[in-house]
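Here is the structure we will look at.
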Amino acid sequence: MSFFKKSPWLLHYDASSCNGCDIEVLACLTPVYDVERFGIVNTGNPKHADILVITGSVNEPTREVILNLYNQMPHPKVVVAVGVCAATGGIFRDTYNVLGGVDTVLPVDVYVPGCAARPEAIIDGVVKALGILETKAAALKAGAAEPAAVEGSK
Amino acid sequence: MGARTIIPFGPQHPVLPEPIHLDLVLEDEKVVEAIPSIGFIHRGLERLAEKKDIHEMAYVSERICGICSFTHGMGYCTAIEAVMKIDVPERGHYLRMIWSEMSRIHSHLLWAGLLADGFGFENLFMQSWRLRERILDLIEETTGGRVIFGSCKIGGSRRDIADDVMARLLKELASLEKDCHAITDTFMEDSTVAKRTRGVGVIAPDDAIALGAVGPMLRASGVASDSRSLGYALYPELSFAPIVEKDGDCWARTAVRVREIYQSFDLIRQCAAKMKPGPVDVKVSGNPSGEYWARLEQPRGEVIYYVKGNGTKNLERYRVRTPTFANVPPLVHMLKNIDLADVPVIVLTIDPCISCTER
Amino acid sequence: MMIENQPLETVEPAKIAEYAAAKRAGGWRLVQISCTSLADAFELTYSFDKDYALQNARVIQPREGAPLPSITASYLAGFTYENELQDLFGVRLSGLALDFKGQFYRLRAKTPMSEPHVTTKPAAKPAANPTPGN
């Protein structure tokens, strides 16, 4: 299991999910699953966050919100796409207002499968993200340049 | 009088797991107007009816919203069954009612936790969600899913509950019901909860009707209206009366939902007692031709599924009017002349579900 | 299983505001407004409820011609449905009490529901009984 010295904070945003994955993400933070035992705290402020958890496929209005949130997060940062909709667009792929998975907008580090994704799978995904976060942090420390902000191209 | 300030509320906000945007127009600390703007979760799934056939649409329908998922599937199937004149076997109906009442308990406990979080009672939030996990375990044991069940299909139920599982389920539900009192007593009797909810966001009965409120919103204002009284599925076989409170404030809405949790426990027991062994589904062939408006009671209120078939395997039109959509005008009404600090509590007491509002 | 009796009456587009006002005076609750795109018109259904009885009013609004009168004078709550008609279908309305002017939904394409659904094959025979249960 990956280990991260500092306590990583998590920001959750619902891109256009059916709520199924959202409540499972929230369930991870409550008793029974309790990701706080890994030192993970849910925050509402992107400037405090290290991990961006996105549920649901990306549609037109949320595209800009996601970019906005992502660009406000300090480096190092990782993106976890939770559920099939966040991965590919899922069952809503063919609808007129959906652009597709989260990777149409942002670089995604971890994909969590499931419809709805199970809390166990979400926790596995977040723990995997911690390892990537650590690698990114080490690279920054060694003098690597901060990746540029992701621009939205219309 | 102070100058007017506009505070944007959402789309990304800590009290909202889902995005909705409100422009709150303030004079000092008072909200004088709230202007909603929706569409962050709009996917356009009604139009999927032209790409997916009627049986596949049952899955799409369940994914309108992950909280009321079962009722969404059941409502869609009820509408198609009414058009195609399919007679679902009794046991199929009882199973559907058991699952829809179980999802009502899960939804109300989830909502109770979010409300507690909204007014800063972290412990109550965690306790509500701890109890909710137990009902999810039972749902998972009987359907295989935690939030999306997939157990409802056109013509009946995809799964049956074996007798020994049912016995265990009833035993666990009885123990859960007893444990629920610990949190619901806090909601009903705690003075800090009352301070944040009593007299806040009051809606008069006439206003509630005029503004089109549904579900616990309407019943908390003293109007006895519950679509389960319409008699879909086999609700007429059960002893059931809508739960009504009279104050119309946030506390009354909390009280309606708290009492509905216990009502649902009772309805599940009644179903289990009346269920007889038998088939759970019938074979379905052919395509729907005609139209029907199926009305069901979700945890959030009355929901309408309109289907219009033209004899092909794709529907000509599938439309869902969800309870939160109907509760947007009452919400806008309540958000006038209140303190800014009360906004989260008022928004939460309509039990917002944005993904079903916008589909 | 009970199948609800759902009477359906046809109302002229120009008369819908008066019809709604009469329903409001009679103590009916607005349940929903739905719309189906037809090739040359919009098929709208206004549903009202009183004591668990459903009454539907059908309006065929041509794509061209006079805008549809809003019912928000009688039922303010209708603004959500009517803005939806405007944004998703492109139905033109007059007298809307709260007009978002196409900004109620945020959409990739304008009026995405305006075109009729393409179904797999044309109906073998038209629906004989449009309201089952009658």
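Nothing in this text is a laboratory measurement; each read-out follows from the coordinates by a stated rule. Not measured: the values here are computed from a predicted model. Please note: Cβ atoms are built from the backbone with ideal geometry, for glycine as well, and neighbour counts cover all protein chains shown.
The number of residues in region C:1-16 that are surrounded by fewer than 17 Cβ atoms within 10 Å (Cβ to Cβ), more than 11 Å from every other protein chain (Cβ to nearest Cβ) and not in a loop (DSSP other than H, G, I, E, B) comes to 4. Summed over region A:119-154, the residues that are among the β-branched types (Val, Ile, Thr), farther than 15 Å from A:ASP50 by Cβ and in contact with a Cys (Cβ under 9 Å, 6 or more places away or on another chain) give a count of 2. Being buried (at least 18 other Cβ atoms within 10 Å of the Cβ), in a loop (DSSP other than H, G, I, E, B), within 13 Å of chain C (Cβ to nearest Cβ) and on the phi > 0 side of the Ramachandran plot is a description that applies to B:ALA233. Here is the figure for region B:339-359: residues that are in contact with a Lys or Arg (Cβ under 7 Å, 6 or more places away or on another chain) and either more than 9 Å from every other protein chain (Cβ to nearest Cβ) or of a type in the set (Gly, Ala, Ser) (or both) total 5.
Are any of the residues in region B:96-116 crowded, with 21+ Cβ neighbours inside 10 Å and more than 30 Å from B:LEU131 (Cα to Cα)? No - not one qualifying residue is present in region B:96-116. Listed by first and then second residue, the pairs linking a residue in region C:51-76 that is in contact (Cβ under 8 Å) with a residue 40 or more places away in the chain and more than 12 Å from chain B (Cβ to nearest Cβ) to a residue that is loosely packed, with under 14 Cβ neighbours inside 10 Å and of a type in the set (Ser, Thr, Tyr), with Cβ atoms under 9 Å apart and 6 or more places separating them unless they lie on different chains, are C:ALA57/C:THR10; C:VAL59/C:THR10; C:ILE60/C:THR10; C:ALA66/C:SER94; C:LEU68/C:SER94; C:PRO69/C:SER94; C:SER70/C:SER94. One residue alone among A:THR30, A:THR55 is more than 8 Å from every other protein chain (Cβ to nearest Cβ), in contact with a helix residue (DSSP H, G or I) (Cβ under 6 Å, 6 or more places away or on another chain) and hydroxyl-bearing (Ser, Thr, Tyr), and that residue is A:THR55. When each of B:LEU169, B:LEU173, B:LEU136 is tested for being within 14 Å of another protein chain (Cβ to nearest Cβ) and surrounded by 17 or more Cβ atoms within 10 Å (Cβ to Cβ), the lone residue that passes is B:LEU136.
Can you name the condition, by its number, that A:LEU140 falls short on among (1) of a type in the set (A, V, I, L, M); (2) in contact with a helix residue (DSSP H, G or I) (Cβ under 6 Å, 6 or more places away or on another chain); (3) surrounded by fewer than 18 Cβ atoms within 10 Å (Cβ to Cβ)? That leaves (2) as the condition not met. For B:LYS308, the criteria (1) farther than 23 Å from A:TYR13 by Cβ; (2) within 12 Å of another protein chain (Cβ to nearest Cβ); (3) in contact (Cβ under 8 Å) with a residue 40 or more places away in the chain hold in every case but one, which is (3).
When we screen B:LYS52, B:LYS85 for residues that are surrounded by fewer than 24 Cβ atoms within 10 Å (Cβ to Cβ), touching a residue at least 12 places away in the same chain (Cβ under 8 Å) and among the basic types (Lys, Arg), the only hit is B:LYS52. Please indicate, with yes or no, whether at least one residue in region C:92-109 is without any contact (Cβ under 8 Å) to a residue 24 or more places away in the chain and outside any loop (DSSP other than H, G, I, E, B). There is no residue in region C:92-109 that is without any contact (Cβ under 8 Å) to a residue 24 or more places away in the chain and outside any loop (DSSP other than H, G, I, E, B). Flag: A:LEU10 matches the condition of being crowded, with 21+ Cβ neighbours inside 10 Å, more than 22 Å from B:TYR59 (Cβ to Cβ) and more than 10 Å from chain B (Cβ to nearest Cβ). Scanning region C:17-50 for residues that are part of a helix (DSSP H, G or I) and either facing chain B (nearest Cβ under 10 Å) or surrounded by 22 or more Cβ atoms within 10 Å (Cβ to Cβ) (or both) yields C:ALA20, C:ARG24. Does B:GLU291 meet the test of being within 14 Å of chain C (Cβ to nearest Cβ) and in contact with a His (Cβ under 6 Å, 6 or more places away or on another chain)? No: the conditions fail for B:GLU291. Is it true that B:ALA224 is under 26 Å from B:TYR292 (Cβ atoms) and not hydroxyl-bearing (Ser, Thr, Tyr)? In short, yes. Within region A:59-70, the presence of at least one residue that is more than 8 Å from every other protein chain (Cβ to nearest Cβ), touching an Asp or Glu at 6+ places or on another chain (Cβ under 9 Å) and farther than 23 Å from A:VAL127 by Cβ is confirmed. Of the residues making up region B:198-214, those that are within 13 Å of chain C (Cβ to nearest Cβ) and either of a type in the set (Lys, Arg) or touching a residue at least 40 places away in the same chain (Cβ under 8 Å) (or both) are B:ILE203, B:PRO205, B:ASP207, B:ALA208, B:LEU211, B:GLY212, B:ALA213, B:VAL214. There is no residue in region A:37-52 that is free of Cβ contacts under 8 Å to residues at least 60 places away in the same chain, within 18 Å of B:GLY145 (Cβ to Cβ) and more than 12 Å from chain B (Cβ to nearest Cβ).
Residues that are within 14 Å of chain B (Cβ to nearest Cβ) and of a type in the set (A, V, I, L, M) were ranked within region A:83-114; the one that is nearest to the chain's Cα centre (by Cα) is A:ALA86. Please go through region B:295-305 and give me each residue that is of a type outside the set (Asp, Glu) and within 8 Å of chain C (Cβ to nearest Cβ), ordered by number. B:ARG295, B:ILE304, listed by residue number.
Taking the stated definitions as given, is C:PHE79 within 8 Å of chain B (Cβ to nearest Cβ) and closer than 21 Å to B:ILE41 by Cβ? Yes.
Taken together, the residues in region B:236-271 that are touching a residue at least 40 places away in the same chain (Cβ under 8 Å), acidic (Asp, Glu) and not in a helix (DSSP H, G or I) amount to 2.
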